[in-house]
Structures are given as C-alpha cells and as structure tokens.
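Engineer: What follows is a single structure, and I will ask about it in a moment.
The values are calculated or read from the model by the stated rules, or taken from the named source; none is laboratory data. None of these values were measured; they are calculated from a predicted model. Quick reminder, even Gly has a Cβ in these numbers, built from the backbone with ideal geometry, and neighbours come from all protein chains shown.
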Amino acid sequence: MRTTTTTTTTTTTTTTTTTTTTTTAINIKKVSTNTEKKYNFLIFDREQNLLKRVLSETGKLPRTKEDAYVPYGLSLNDEVVYIKYGSHSGYNNTQLKSLYDSKISFIRQKQCQSKLAEIVLTQPEITKKAVDQVTRGVMSFLKDMRNKDPFLLEKLHKSIGHYFYTNGRLSFGRLSTDNINTISQDDFYQKLLDTLISGSLEQVLAIHDAIGRKILPYYPSKTLDVYQSISNTVRESWFDDCKTRGRRIINKTPSPSSIIGITDDSDIGITPNIQPRQRAIDMYQRDDTRQSHPIANNYYDGVDEHNLLFVAGISGTTGTLLQAAKAFGELEDIELKKQYVLGIMGYLVGGGMHSFHEVMTIASRIGIPYHPGRMNDVLPDSFTHTSAYHQWQAKYYDIVELGALHWRYNIQHLPSHLNTNLS
C-alpha cells in the first residue's frame, strides 16, 4: 500500500472559525506504474470541518467497504469536493458553493463527455486501427462496385451526395456547404476515396455510415446479409417513431456552434473550436408526454435512475455505424470494437448529436460491457494507456469512476408505469 499525504489550507469565516494546516494519511492502492504523475482531489473531512488536498499517483480515491468516497459538492472555486461515504448527509455552506446535485451532475457530465470527444477527435491514433480496418472494407467495396456497376457513380451522387455537399446545411462531417451539383460524379467518387484516406474522423465515419445505409442495399451480397444481421438488435423500429422516441423539436434551426461536444456555448475554455454545425442538443428537448412503449420506458427509467443526460434520445446512428463496422470491417475483437465505438463517441458526442449513454446503450448490444453511467469499462486499451486518459480521468473522476453513483441529491422521477403524463 502506498501512503499519500493530504494538506489543508488555513481559512477564516465571518465567525472567526479557523482551520489550520494539517497532515493526514490515506492509503491508496497503487494501480499504475505512472509514478511521475500526481493527481489531486479535494476531500471534506466532516469530523475536523476541513477541506483537504489528497495527492494520488493513480488518479483514484480509496473504494473499499471501509473507506469509500462520493461526490459531495462544489468548492467556492468550482472544484468537485468528495466526502467519505457515510458522512455525506447535510450541507456545510462555509466550505461549499453548492451540493453535488442533479444540476451539477449534468454540467460535469457535459464537460467530461465533451473533453473525451475532443481527445478522440484530435488524437485519431487512439481509434486508428479499428477505423482503418472498416475504411479498408468500405474502399474495397466501392472499388469493386465501380468495376461491376456502371451506375455506381450516379447512385453515390444522388443518394448520399447531399450529406457531404450540403447546400448550406451545417451538418457535422460535411465536406462542403456547396450544392452537390457543383461537383461531377467522378470527382465526388474520388473525393470520397481521398477523404477515407486522409479526412478527419468525423468525415470518415460519416462516409462509413452513408455507404452502409444508402449504397450497400443496392447490392445483394454476403456483405449486405452481414450488415442486416444485427439491424433489429441495434436499431429498433421505435427509434424512428416520433411518438415513442421521447424527443421533441424546440428549435429547427439553432444557431451554429463551434464548440466540441455538448457543453453550453457559455462554458468557455472546456474544449477548443471545430467545424461550425447545428447541434442536436440545441434542437431537441425530452418529450415527457411521449407515447408509452415498454422498451422506451425501460430506457428512460434507466436514464432517470442514474441521472444521465438527454441530448437527442437513443442513438440510431450508432446502430447503423456498428452495422457498417461489422459488414465492412468484421470487427470481432473486443479491443477493436471498443476503439470503433470510441470513434463513434468522438463523432456523435463531439458533434453535439448524442450523449455518452445514448451511444453506449446501443454499443452494449454488440458485447461491450456497459453499466449505465460507468465509463471506464467501455474504453479501449489504446486510450487508457495514454497520458491523455489519465489526465481526463483524474479531472472528471466524479463522472468517469463514479458516474453510476449519482443518486444522493438527484431529482426524483416517477417510473414510467406510474407516470400519467405518458400517453
């Protein structure tokens, strides 16, 4: 066991109560050889009425039956404060700005997930092996059909051209805002191939999805059979039924955002800017009067139970991307599956189109272990072995490690079977 040191800073309240610098010990099991990194946490010691700074080489706090910590509140400097489980009742307003409630949890989830998307989009090597494997399959399919079907170029131009040459629409992963008719069929075909080789992650995945959904069905084959073999698993009919999906449009034409992810535009400094696009999070709101549906009910009850984000509802695009991955990439290895799903996360969360949970609910159906709100289990080794992961995990420990435990101060929701607002 490794002993870590905690210190507290002298503070004075209006009642002249003071705290003094102190040193204490917390045993934190060493789970990493990354001894050059030191991560710190802010702990509230209720017995001494002190905020203490804990340094950890592992980026983790103790979590045993005898010694476990949970998010408690925000400090006066907007830092998450943790407290030992069993001491988390009550509210000390001399040490905290606010309790760690549903509102704080949502803000932290948005920041954490957006930062993850930023890492994925800006460090494509993390998902490269899996994404490249699918890309090779897509390119092989296109080149094969180019030789066999004289009408392939016309089909590409008419069926998916508007997804990439958007005629002014600000979709994420677009190639141009020009009209598709400004580029020839031959040039568009070549542009797709070039983008698959050297385009950004969001552009490459957008092509994977479009080819699978719109072009592959023209060509009955074993590849199409594989694509369709999991369609009922990863994209159910209620996903596309506006009555049951559980979302309603509040703004058909939201202002374009350049912020990576799903944070508010006012949340400056969390992530850098990217391709301006209209985000689903600015377009949709949860529909609390949706039509009752047994699977949708279970999904939304899980969202409420774990206090998880709603962006646009369960992700159908994740499903079709996983179909493309299976058909074109034959991704069976769990590490490669996790890599590709992390790429999807970068694309959809980074684009502001879905939340982590909305993506992972679908990804869990192809064998990736996922407990609602818990992030670590689903991440590939190609990411968890990087310094970017350790920094992100330590900063958002309340979400990455403890995201499934947001329960203490959450808003209470009626389960679907008792909710009379559902039609």
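Engineer: Here's a check for you: in the stretch 76-125, which residue that is over 26 Å from the mean Cα position of the chain (by Cα) and of a type in the set (A, V, I, L, M, F, W, C) is modelled with the lowest pLDDT?
Structural biologist: Out of the qualifying residues, it is Leu96.
Engineer: Filter the stretch 305-322 down to residues that are assigned to a helix (DSSP H, G or I) and crowded, with 18+ Cβ neighbours inside 10 Å, then give me how many there are. First the steps, then the outcome.
Structural biologist: The initial filter retains those residues of the stretch 305-322 that are assigned to a helix (DSSP H, G or I), namely 305, 316-322.
Filter once more, so that each one left must be crowded, with 18+ Cβ neighbours inside 10 Å: 316-322.
The number of residues fulfilling the criteria is 7.
Engineer: Let me ask something additional. Before we move on, is Thr233 in the same structural domain as Arg365 (by TED's automatic domain parsing), polar (S, T, N, Q) and in a loop (DSSP other than H, G, I, E, B)?
Structural biologist: no
Engineer: With the structure loaded, tell me whether Ile211 is within 20 Å of Arg136 (Cα to Cα) and more than 19 Å from the chain's Cα centre (by Cα) or whether it fails that test.
Structural biologist: So Ile211 fits the description; yes.
Engineer: Exactly one condition in (1) at pLDDT below 95; (2) crowded, with 17+ Cβ neighbours inside 10 Å is not met by Pro380; state its number.
Structural biologist: Answer for Pro380: the failing condition is (1).
Engineer: Within the stretch 387-423, restricting attention to residues that are modelled with pLDDT of 85 or more and surrounded by fewer than 19 Cβ atoms within 10 Å (Cβ to Cβ), which residue is nearest to Ile83 (Cα to Cα)?
Structural biologist: Ranking the candidates gives Lys395 first.
Engineer: State whether one or more residues within the stretch 221-233 are buried (at least 16 other Cβ atoms within 10 Å of the Cβ), in contact with a helix residue (DSSP H, G or I) (Cβ under 7 Å, 6 or more places away or on another chain) and aromatic (Phe, Trp, Tyr).
Structural biologist: Yes: one or more hits.
So that you can scan it fast, the table gives a plain yes or no per residue for (1) aliphatic (A, V, I, L, M); (2) in contact (Cβ under 8 Å) with a residue 12 or more places away in the chain; (3) part of a loop (DSSP other than H, G, I, E, B); (4) within 21 Å of Pro71 (Cβ to Cβ):
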| residue | (1), (2), (3), (4) |
| --- | --- |
| Ile344 | yes, yes, no, no |
| Tyr347 | no, yes, no, no |
| Val359 | yes, yes, no, no |
| Ile362 | yes, yes, no, no |
| Gly373 | no, yes, yes, yes |
| Gln393 | no, yes, no, yes |
| Asp398 | no, yes, no, yes |
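Engineer: Among the numbered criteria (1) in contact (Cβ under 8 Å) with a residue 60 or more places away in the chain; (2) surrounded by 14 or more Cβ atoms within 10 Å (Cβ to Cβ), which single criterion is violated by Gln185?
Structural biologist: (1)
Engineer: What is the one condition in (1) in contact with a helix residue (DSSP H, G or I) (Cβ under 8 Å, 6 or more places away or on another chain); (2) under 27 Å from Glu125 (Cβ atoms) that Ser198 does not satisfy?
Structural biologist: It fails just one condition, (1).
Engineer: Just one of Gly161, Gly168, Gly173, Gly137 is at positive phi, in the same structural domain as Met360 (by TED's automatic domain parsing), at pLDDT 95 or above and surrounded by 18 or more Cβ atoms within 10 Å (Cβ to Cβ); which is it? Before the answer, list the steps.
Structural biologist: On the way: Gly161 fails: at positive phi; Gly168 fails: surrounded by 18 or more Cβ atoms within 10 Å (Cβ to Cβ); Gly137 fails: at positive phi.
On inspection, the qualifying residue turns out to be Gly173.
Engineer: Those residues that are hydrophobic (A, V, I, L, M, F, W, C) and under 16 Å from Tyr227 (Cβ atoms), I need them from the stretch 331-343; list them, please.
Structural biologist: Passing the criteria: only Leu331.
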